[in-house]
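S.K.: Below: one structure in structure tokens.
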Amino acid sequence: MAKEDEKIPGVKPYAGSAGGWGALGAVARALKGQMAVAEDVRTLMRVNQPWGFDCPGCAWPDPRHSSSFEFCENGAKAVSWEATSKRTTPEFFARHTVSELWTWSDYALENEGRLTHPMAYDHATDRYVPIAWADAFMRIGQVLRGYADPNVVEFYTSGRTSNEAAFLYQLFVREYGTNNFPDCSNMCHEATSVGLPVSIGVGKGTVTLEDFDHCDAIFSIGHNPGTNHPRMLATLREASRRGVPIVVFNPLKERGLERFAAPQDPLEMLTLGSTPIASTYYQVKVGGDVAVLKGMMKALLAMDAEDLASGGPGLLDRGFIAGHTTGFEALEADLAAVSWDTIETHSGLTEADITAAAKVYASAKNVILCYGMGITQHRHGTSNVQQLANLLLLRGNIGRPGAGICPLRGHSNVQGDRTVGITEIPSQGLLQAIERSFGFRPPQAKGHNAVEALQAIIEGHAKALVCLGGNLAVAMSDPEAVFPGMRKLDLAVHVATKLNRSHLLVGRESIILPCLGRAERDMQEAGPQAVTVEDSMSMVHASRGTLRPASEQLRSEPAIVAGIALETLPQSKVDWTWLIADYARIRDKIEAVFPDFYRFNERVAVPGGFRLDVPASRREWRTATGKANFLVCAGLEEDSRTSGSNVLRLATIRSHDQYNTTIYGLNDRYRGITGRRDIVFVNPGDLEALGLAHGDLVDVEAVPEVPGGAPRVLPRQTVVAYEIAPGSAAAYYPEANGLVALDRYDAQSGTPSYKSIPVVIRRAL
Ligand SMILES: Nc1nc2c(c(=O)[nH]1)N[C@H]1C(S)=C(S)[C@@H](COP(=O)(O)OP(=O)(O)OC[C@H]3O[C@@H](n4cnc5c(=O)[nH]c(N)nc54)[C@H](O)[C@@H]3O)O[C@H]1N2
Ligand SMILES: Nc1nc2c(c(=O)[nH]1)N[C@H]1C(S)=C(S)[C@@H](COP(=O)(O)OP(=O)(O)OC[C@H]3O[C@@H](n4cnc5c(=O)[nH]c(N)nc54)[C@H](O)[C@@H]3O)O[C@H]1N2
Ligand SMILES: [Mo]
């Protein structure tokens, strides 16, 4: 960063490591702002413990044998934000019209605290007014029963929903008659869910936490663990201390990937020491990963040929390739056809850099490859994921200890929701199992994903929307189209813990149903209940809340789903009341539909839970060919819109002080930003070429898909000279979502391309 930083309010480079005293201080402030002190520490101590509750912060697994609680700054923020002592009461809604609340920031809306009562929108006064639970359910049932075609309703799920709630929800929606399941996965790891099954026969990661103890190299591509899965830093730190090379590909220099001080390590804290994380840090261009991966494979094949020529055994696992895979020759031909010139142009890295990374890969016996949104949220997200699998397969790095693919999932149960049936493309097996277990015939036709649901809403085909959590309108691309679309709905129902902007997009009728959070006691007829969740590594475990609920009115998500189902489906084949009296009964039903959950209740009662079967982890490939498949992937076509010299590729990113659309505060500590979010990060060389200076006020405009397309401008941002790859830019999500057209997504998976937006940046007028 430039020396004159101090002159720009809120912009000052961060010199420390990730974690350390800064993280401890941040936790103290988070707790002070939100929680009633007495319960704080006890609550945090029960996070991610065998009998505690699952942290809603991220999906990184819990160390099985850890006895002390794992410290995590952003986990603490997530918990304290939910366990806040602030309340959004009927009196609050009486004081503020919806039109007034609309002018509030996203931060201010959620910062009012937990929702306490079911509320319904009243057009006459432009306010939300209290409604009794029974009346809310009745009204929802009346509207939903009124549609001749159930496909005019969209049922959204956000990934905090437990397995039990998600299973009941998909059961209700399928008995109602649709597979319209837009899900936050559609905006997140869908490229993984769609890409990996074709490659290796399962849409999930293949590694366990123990594999990290046995790996010889880690590649970390397109994710930011210091902010988004901080507990992973402890694992990376261990590996780094063991001398394991950690190779990073990321356009931005992210502090958590450079240096980490473990708050649990007294020596590091007292000496202000830290552990380096990345052994090599490659600043790939935004959108340049297909090129990097093709380059690494090309270099690997060249080194292999050299080794063979000099009498060596070669660098590929030929036995594995012959016995376990298909498509090697086609991949080889594809790699031969791509030139280093093309690879260098697209990746922004040199042949020498990429060859060096390939050498690290080839020298390690066991390799783990970790990735996140920097890989999936592109036009070619699915190709990206499949290239990662290709690279691993070349040396047999899937299905043995210490090696494998590790997608970093987002929400704490986003993977579990999918496992228990939240999907718009149900398999025949799932539909048959539902029919067998419940005696109704579920709909067979494909339903809507998130983009399709919004398209249907905008076009007026979809009439009603039910959201089990989340903030769909704000998370989605293209607010200019999405917001007016949402206002046309007959009915919008939001099951939520806090007020957010989606709730303010009121249709003819809008209802907010307040639910229990993870940390809270869930009391049903049979006594206090636990729910279950599945982490990024397919471990299923129980989560039991202990705090007093934020309001006596709150209901659990399973109970709310049952309430809606009872009123919507009077002839239902499902005994909803019986099921929610004791969640063990729901788990029995999950087991009946999904054989992988055999002896579910028994196995989940063991601290730490159990791992769901991941056939690829033991080299069983459930693909159409019965083998793991090398796949030739696209992603290096010229995009004419990015060829102009002044066009940058912009990625939308999360700050350190946010959880998706939830903004905890306005700081982004590790990137040196304080008190603001109106920032666009650009390489100093690009700034100079554009005739701009660090700190200038700029407008960011997306290059339209078709010439003359509607302009999309993010106005009046402050440009910051940053350690980011040349040709790239970054700005915060969700503020920058207006730059992404709704139809800009990966054709294979439907994932919006939030990370590769061609933009021009010019001085603001
Ligand atoms: N505290 C906190 N924790 C969270 C969340 C949160 O918002 N806050 N969100 C949760 C959710 S739902 C998710 S999905 C995960 C998200 O976790 P991440 O996947 O870490 O999400 P992003 O912040 O979007 O970060 C993407 C990273 O990819 C890099 N990147 C951008 N474009 C490219 C590219 O083209 N190539 C490469 N190689 N890298 C690129 C960015 O510089 C950034 O470091 O975190 C989960 N955990
Ligand atoms: N530009 C851009 N857009 C993106 C992304 C990006 O990187 N860039 N990332 C995408 C990704 S990865 C994701 S996952 C989506 C996230 O999209 P969503 O999952 O829809 O959004 P969240 O912000 O996680 O949802 C926050 C709301 O969830 C509710 N909530 C919190 N806890 C609970 C609970 O326990 N139960 C219930 N019922 N409600 C609860 C609260 O009311 C809160 O306001 O955004 C996507 N959008
Ligand atoms: Mo996500």
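The values are calculated or read from the model by the stated rules, or taken from the named source; none is laboratory data. Bear in mind the structure is a predicted one, so any value in this text is a computation, not a measurement. When we count neighbours, we look across all protein chains shown, and the Cβ atoms used for this are built from the backbone with ideal geometry, even at glycine.
S.K.: If you check TYR754 against the conditions, is it modelled with pLDDT under 95, closer than 28 Å to GLY226 by Cα and either more than 15 Å from ligand 2 (Cβ to nearest atom) or surrounded by 23 or more Cβ atoms within 10 Å (Cβ to Cβ) (or both)? Write out each step before concluding.
M.R.: Details: modelled with pLDDT under 95: no; closer than 28 Å to GLY226 by Cα: yes; either more than 15 Å from ligand 2 (Cβ to nearest atom) or surrounded by 23 or more Cβ atoms within 10 Å (Cβ to Cβ) (or both): yes.
Spelling it out, it is not the case that TYR754 is modelled with pLDDT under 95, closer than 28 Å to GLY226 by Cα and either more than 15 Å from ligand 2 (Cβ to nearest atom) or surrounded by 23 or more Cβ atoms within 10 Å (Cβ to Cβ) (or both).
S.K.: Could you please let me know if LEU144 is over 23 Å from PHE438 (Cα atoms), assigned to a helix (DSSP H, G or I) and more than 16 Å from ligand 3 (Cβ to nearest atom)? Show your work before the answer.
M.R.: On the way: over 23 Å from PHE438 (Cα atoms): no; assigned to a helix (DSSP H, G or I): yes; more than 16 Å from ligand 3 (Cβ to nearest atom): yes.
Taking the combined requirement at face value, the residue does not satisfy it.
S.K.: Against the condition touching a helix residue (DSSP H, G or I) at 6+ places or on another chain (Cβ under 6 Å), over 15 Å from ASP106 (Cβ atoms), more than 16 Å from ligand 1 (Cβ to nearest atom) and in contact (Cβ under 8 Å) with a residue 24 or more places away in the chain, how does LEU491 come out, does it pass? Can you show your working first?
M.R.: Details: touching a helix residue (DSSP H, G or I) at 6+ places or on another chain (Cβ under 6 Å): yes; over 15 Å from ASP106 (Cβ atoms): yes; more than 16 Å from ligand 1 (Cβ to nearest atom): yes; in contact (Cβ under 8 Å) with a residue 24 or more places away in the chain: yes.
Yes.
S.K.: Something else: For residues in the stretch 245-262 being over 23 Å from ASN683 (Cβ atoms) and in contact (Cβ under 8 Å) with a residue 40 or more places away in the chain, which is surrounded by the most Cβ atoms within 10 Å (Cβ to Cβ)?
M.R.: Filtering the stretch 245-262 for residues over 23 Å from ASN683 (Cβ atoms) gives 245-246, 260-262.
Pick out the ones that are also in contact (Cβ under 8 Å) with a residue 40 or more places away in the chain and you get 245, 260-262.
Details: PRO245: 19, PHE260: 28, ALA261: 23, ALA262: 22.
Looking at the filtered set, the residue picked out is PHE260.
S.K.: For the stretch 449-472, which residues satisfy the criterion of being within 16 Å of ligand 1 (Cβ to nearest atom) and in contact with a Leu (Cβ under 9 Å, 6 or more places away or on another chain)?
M.R.: ALA450, LEU472
S.K.: Show the residue pairs that are 6+ apart or on different chains and have beta-carbon atoms under 8 Å apart, the first residue being within the stretch 138-160 and within 12 Å of HIS461 (Cα to Cα), the second being among the polar types (S, T, N, Q).
M.R.: That search, which allows pairs on different chains as well, returns PRO150/THR178; ASN151/THR178; ASN151/ASN180; VAL153/THR178; VAL153/ASN180; GLU154/ASN180.
S.K.: ALA124 - would you say it is surrounded by fewer than 22 Cβ atoms within 10 Å (Cβ to Cβ) and either in contact with a Lys or Arg (Cβ under 7 Å, 6 or more places away or on another chain) or under 22 Å from ALA464 (Cβ atoms) (or both)? Steps first, answer last, please.
M.R.: Working: surrounded by fewer than 22 Cβ atoms within 10 Å (Cβ to Cβ): yes; either in contact with a Lys or Arg (Cβ under 7 Å, 6 or more places away or on another chain) or under 22 Å from ALA464 (Cβ atoms) (or both): yes.
In short, yes.
S.K.: Since ASP106 meets every condition but one in (1) touching a strand residue (DSSP E or B) at 6+ places or on another chain (Cβ under 6 Å); (2) within 16 Å of ALA492 (Cα to Cα); (3) not β-branched (Val, Ile, Thr), which condition does it not meet?
M.R.: Going through (1) touching a strand residue (DSSP E or B) at 6+ places or on another chain (Cβ under 6 Å); (2) within 16 Å of ALA492 (Cα to Cα); (3) not β-branched (Val, Ile, Thr) one by one, ASP106 breaks only (2).
Table: residues versus (1) buried (at least 22 other Cβ atoms within 10 Å of the Cβ); (2) aromatic (Phe, Trp, Tyr); (3) within 26 Å of LEU331 (Cβ to Cβ).
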| residue | (1), (2), (3) |
| --- | --- |
| ILE590 | yes, no, no |
| PHE597 | yes, yes, no |
| VAL606 | no, no, no |
| LEU612 | no, no, no |
| ALA624 | no, no, yes |
| LYS627 | no, no, yes |
| VAL647 | no, no, no |
| SER655 | no, no, no |
| ARG669 | yes, no, no |
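S.K.: Among the residues of the stretch 671-701, write down those that are polar (S, T, N, Q) and in contact with a strand residue (DSSP E or B) (Cβ under 6 Å, 6 or more places away or on another chain). It would help to see each step written out before you state the result.
M.R.: First, pick out the residues of the stretch 671-701 that are polar (S, T, N, Q): 674, 683.
Correct list: ASN683 only.
S.K.: Okay, next question. If I filter the stretch 409-465 down to residues being within 15 Å of ligand 2 (Cβ to nearest atom) and among the β-branched types (Val, Ile, Thr), which single residue comes out as nearest to SER162 (Cα to Cα)?
M.R.: VAL414
S.K.: Could you check how many residues of the stretch 147-160 are away from ligand 2 (no atom under 16 Å from the Cβ) and in a loop (DSSP other than H, G, I, E, B)?
M.R.: So in the stretch 147-160, the residues away from ligand 2 (no atom under 16 Å from the Cβ) come out as 147-153.
Adding the requirement that they be in a loop (DSSP other than H, G, I, E, B) leaves 147-149.
Of the residues in that region, 3 qualify.
S.K.: Oh, and also: Conditions: (1) away from ligand 2 (no atom under 12 Å from the Cβ); (2) surrounded by fewer than 24 Cβ atoms within 10 Å (Cβ to Cβ); (3) under 25 Å from ARG174 (Cβ atoms). GLY469 meets all but one. Number of the miss?
M.R.: Status for GLY469: all satisfied but (1).
S.K.: Still on this structure: Residues in the stretch 702-712 that are surrounded by fewer than 17 Cβ atoms within 10 Å (Cβ to Cβ) and touching a strand residue (DSSP E or B) at 6+ places or on another chain (Cβ under 7 Å): how many?
M.R.: Initial filter on the stretch 702-712 (surrounded by fewer than 17 Cβ atoms within 10 Å (Cβ to Cβ)): 704-711.
Then drop every residue that is not touching a strand residue (DSSP E or B) at 6+ places or on another chain (Cβ under 7 Å), which leaves 711.
So the count comes out to 1.
S.K.: Let me ask something else about it. So which residues in the stretch 347-359 are surrounded by fewer than 19 Cβ atoms within 10 Å (Cβ to Cβ) and among the hydrophobic types (A, V, I, L, M, F, W, C), if there are any at all?
M.R.: Matches in the stretch 347-359: ALA352, ALA356.
S.K.: Pick out, from the stretch 70-140, the helices (runs of 4 or more DSSP H) lying fully within it that include 3 or more residues that are in contact with a Phe, Trp or Tyr (Cβ under 7 Å, 6 or more places away or on another chain). First the steps, then the outcome.
M.R.: Numbers: elements: 73-82, 90-95, 98-102, 106-110.
Passing ranges, in order: 73-82.
S.K.: Specify the residue that is nearest to ligand 3 (Cβ to nearest atom); the eligible residues are those in the stretch 210-243 that are at pLDDT below 95 and hydrophobic (A, V, I, L, M, F, W, C).
M.R.: Of everything passing the filter in the stretch 210-243, MET232 is nearest to ligand 3 (Cβ to nearest atom).
S.K.: Of the conditions (1) touching a His at 6+ places or on another chain (Cβ under 8 Å); (2) free of Cβ contacts under 8 Å to residues at least 60 places away in the same chain, THR532 satisfies every one except a single condition; which number is it?
M.R.: Only one criterion in (1) touching a His at 6+ places or on another chain (Cβ under 8 Å); (2) free of Cβ contacts under 8 Å to residues at least 60 places away in the same chain is unmet by THR532, namely (2).
S.K.: So which of ALA519, ALA475 is of a type in the set (A, V, I, L, M, F, W, C), within 27 Å of TYR121 (Cα to Cα) and surrounded by 21 or more Cβ atoms within 10 Å (Cβ to Cβ)? Before you say what the answer is, go through the steps one by one.
M.R.: Values: ALA519 fails: within 27 Å of TYR121 (Cα to Cα).
Result of the check over ALA519, ALA475: ALA475.
S.K.: Given the criterion small (Gly, Ala, Ser), in a helix (DSSP H, G or I) and touching a Lys or Arg at 6+ places or on another chain (Cβ under 9 Å), identify the matching residue among ALA299, ALA352.
M.R.: On the way: ALA352 fails: touching a Lys or Arg at 6+ places or on another chain (Cβ under 9 Å).
Of the residues listed, the single one that is small (Gly, Ala, Ser), in a helix (DSSP H, G or I) and touching a Lys or Arg at 6+ places or on another chain (Cβ under 9 Å) is ALA299.
S.K.: Quick one: which helices (runs of 4 or more DSSP H) lie wholly within the stretch 508-623 and hold at least 3 residues that are within 19 Å of ASN163 (Cα to Cα) and of a type in the set (Lys, Arg)? Break it down into steps so the answer makes sense when it comes.
M.R.: Numbers: elements: 557-568, 576-581, 583-593, 600-604.
Helices (runs of 4 or more DSSP H) meeting the threshold: 583-593.
S.K.: Against the definition (within 11 Å of ligand 2 (Cβ to nearest atom) and not assigned by TED's automatic domain parsing to the domain that holds GLY399), how does TYR176 come out, yes or no?
M.R.: No: the conditions fail for TYR176.
S.K.: Filter the stretch 170-226 down to the residues that are surrounded by 24 or more Cβ atoms within 10 Å (Cβ to Cβ), of a type in the set (A, V, I, L, M) and part of a helix (DSSP H, G or I) and list them by number.
M.R.: Scanning the stretch 170-226 gives LEU171, VAL173, MET187, ALA191, LEU196, ILE200.
S.K.: Counting only residues that are within 30 Å of LEU489 (Cα to Cα), give me the helices (runs of 4 or more DSSP H) lying completely in the stretch 371-478 with at least 3 of them. Break it down into steps so the answer makes sense when it comes.
M.R.: Numbers: elements: 373-376, 381-394, 414-419, 428-438, 450-459, 472-475.
Per the criteria, 414-419, 450-459, 472-475.
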